[in-house]
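Here is the structure we will look at.
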Amino acid sequence: MLNTNRMKQDMIVILDLGSHENTVVARAIRAMGVYSEIYPHDITAEELKALPNVKGIIINGGPNNIIDGVAIDVLPEIYKIGFPIIAAGHNRALCDEKLDEFTSDEAAVEKALKDFVFETCKAEANWNMANFVADQVELVRRQVGDRKVLLALSGGVDSSVVAALLLKAIGNRLVCVHVNNGLMRKNESENVEDLFRNRLGANLIYVDATERFLSKLENVADPEEKRKIIGTEFIRVFEEEARKLKGIDFLAQGTIYPDIIESGTKTAKCVKSHHNVGGLPEDLQFELVEPLKHLFKDEVRACGLELGLPHEMVFRQPFPGPGLGVRCLGAITRDRLEAVRESDAILREEFAKAGLDKKVWQYFTVVPDFKSVGVRNNARSFDWPVIIRAVNTVDAMTATIEPLDWEFLKHVTERILNEVPHINRVCYDISPKPSATIEWE
Ligand code: XMP
């Protein structure tokens, strides 16, 4: 039995009976200042008892709690553990008489939820990032003991926050591997190295795999094929590094709650996620460490700030996994890749100077694989264009363009034309999503 005395946060567990509103309920409870986590309906009593500081259980049904004509329910043993239990949601076919059921009136639901959390469960409103970090540090230490953890540190928000958290929990027993695939933004790999190795003292292995990635990508024009090569090559490089290291039992991942939702509720069986992940081969057996898997994106950022990561890292704009590879259109060539990288750096610098980096959701440049005629120094040129893209969105499913100021666009254009070789034209993409997507490939 775990010693739960040292945990700082109380927790309400939500058991998922196929409701689309689990996350709404979880966020409503967190908004009351109480931490909550969502688990699949078939969690066992033993697994539930092993969770720290559980104060009560909400069984959350929905219109989908019938599978193949049979109503699903939690295991009967769950009702016998002795935690306060409440049933929520509508159409619950198996609502036990002893359980209260929420009404559909919003105010009444909120009141019922509040009464349950504070009156029935006697939970304390002690959920905050300092307590979350303290609890996760404790949980990681219990899970890992004196063994070692491997982490692929891309420099993205999620993997960076995991790295900072694990560094606090287990120090040098965290081994970070940063793979530079040659498709990173300007200075990005150097910044990862500088922050984590030099400033935070992390045990970081830096692999410059630029040549390897670019030679695999040579003459490959199909966007999906490019993505596949980048993904597969990453796993190969990471796997080679993992094999060189001895005595690593754990693989840390920057899984966050939306990742779990997106891959279906079945994968929400996170209590048992000890299987192999990320396409790594079967013979590399790791147990998973996923300290952020119950956090939403905004909470991950708050966690990063709590851990002392720099603001610009925590609030950086989204960047696709295949990196600049999907912005250097068609078959990647080194001169065009450099043009994307340089023009992107100029655009980001100017966005920051104008304060637009805090306003616009995503902004970048694209270099297509066709040339156009121009004139420079009284001579004909035949060079590449750069396309600027700047969009706003909430969930990346739809997007609108940012109406950039004309003088600002002219200034950025001037810089790109003066500073980036082989570019003779700059365009601004004013297409919303749909009909376009955010990225060009
Ligand atoms: P699209 O182009 O589909 O992009 O409108 C939506 C959001 O997803 C990002 N994106 C990717 N992210 N791997 C990723 O990790 C990818 O292959 C990928 N493609 C697009 C894109 O930058 C945008 O934020």
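The values are calculated or read from the model by the stated rules, or taken from the named source; none is laboratory data. The structure displayed is predicted, hence computed values, not measured ones. With ideal geometry, Cβ positions are generated from the backbone for all residues, glycine too; neighbour counts draw on all protein chains shown.
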**OP:** Go over the candidates I438, I388 one by one and state the one that is within 12 Å of the ligand (Cβ to nearest atom), among the hydrophobic types (A, V, I, L, M, F, W, C) and outside any helix (DSSP H, G or I).
**Re:** I438
Original post:
What number of residues within the range 360-380 are touching a strand residue (DSSP E or B) at 6+ places or on another chain (Cβ under 9 Å), more than 16 Å from the ligand (Cβ to nearest atom) and not in a strand (DSSP E or B)?
Top reply: 3
Subject >> Candidates V192, V161, filtered to the one that is buried (at least 23 other Cβ atoms within 10 Å of the Cβ), part of a helix (DSSP H, G or I) and either touching a strand residue (DSSP E or B) at 6+ places or on another chain (Cβ under 7 Å) or basic (K, R) (or both) >> reply: V192
**OP:** Report whether or not V144 is in contact (Cβ under 8 Å) with a residue 12 or more places away in the chain, surrounded by 19 or more Cβ atoms within 10 Å (Cβ to Cβ) and aliphatic (A, V, I, L, M).
**Re:** yes
Subject >> Subset of the range 33-62 that is among the aliphatic types (A, V, I, L, M) and out of contact with any strand residue (DSSP E or B) (no Cβ under 9 Å at 6 or more places or on another chain) - its residue that is farthest from A134 (Cα to Cα) >> reply: A45
Subject >> Check on K186, buried (at least 17 other Cβ atoms within 10 Å of the Cβ), basic (K, R), outside any helix (DSSP H, G or I) and in the same structural domain as G304 (by TED's automatic domain parsing) >> reply: yes
Original post:
Does L292 satisfy the criteria of being away from the ligand (no atom under 16 Å from the Cβ) and either outside any helix (DSSP H, G or I) or closer than 21 Å to K168 by Cα (or both)?
Top reply: yes
**OP:** Give the range 345-355 a look and list any residue that's part of a helix (DSSP H, G or I) and touching a helix residue (DSSP H, G or I) at 6+ places or on another chain (Cβ under 8 Å), or say none.
**Re:** I346, L347, R348, E350, F351
Original post:
Does the range 316-335 include one or more residues that are within 23 Å of L195 (Cβ to Cβ) and exposed (fewer than 14 other Cβ atoms within 10 Å of the Cβ)?
Top reply: yes
Original post:
K272: at pLDDT below 95 and under 30 Å from V13 (Cα atoms), yes or no?
Top reply: yes
**OP:** With respect to R389, determine if the residue is in the same structural domain as L356 (by TED's automatic domain parsing), under 25 Å from K353 (Cβ atoms), touching a residue at least 60 places away in the same chain (Cβ under 8 Å) and charged (D, E, K, R).
**Re:** no
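So that you can scan it fast, the table gives a plain yes or no per residue for (1) assigned to a loop (DSSP other than H, G, I, E, B); (2) modelled with pLDDT of 95 or more; (3) within 16 Å of the ligand (Cβ to nearest atom); (4) outside the structural domain of S159 (by TED's automatic domain parsing):
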position	(1), (2), (3), (4)
E282	yes, no, no, no
Q285	yes, no, no, no
G304	no, yes, no, no
G308	yes, yes, no, no
L324	no, yes, yes, yes
E338	no, yes, no, yes
S343	no, yes, no, yes
Subject >> Within the range 391-441, tally of residues that are touching a Leu at 6+ places or on another chain (Cβ under 9 Å) and among the aliphatic types (A, V, I, L, M) >> reply: 5
**OP:** Quickly run through the range 394-405 and pick out the residues that are more than 11 Å from the ligand (Cβ to nearest atom) and either in a strand (DSSP E or B) or surrounded by fewer than 16 Cβ atoms within 10 Å (Cβ to Cβ) (or both).
**Re:** V394, T400, I401, P403, D405
Original post:
within 13 Å of the ligand (Cβ to nearest atom), within 31 Å of the chain's Cα centre (by Cα) and more than 28 Å from S215 (Cα to Cα), is that true of A352?
Top reply: no
Original post:
Does the range 426-438 hold any residues that are buried (at least 17 other Cβ atoms within 10 Å of the Cβ) and either within 20 Å of I332 (Cβ to Cβ) or in contact with a Cys (Cβ under 9 Å, 6 or more places away or on another chain) (or both), and which are they?
Top reply: I438
Original post:
If you go through the range 406-430, how many residues are within 30 Å of D298 (Cβ to Cβ), in contact with a helix residue (DSSP H, G or I) (Cβ under 9 Å, 6 or more places away or on another chain) and either within 16 Å of the ligand (Cβ to nearest atom) or assigned to a loop (DSSP other than H, G, I, E, B) (or both)?
Top reply: 0
**OP:** Could you grab me the full set of residues in the range 316-335 that are in contact with a Gly (Cβ under 9 Å, 6 or more places away or on another chain) and within 22 Å of A396 (Cα to Cα)?
**Re:** R316, P318, F319, G321, P322, G323, L324, G325
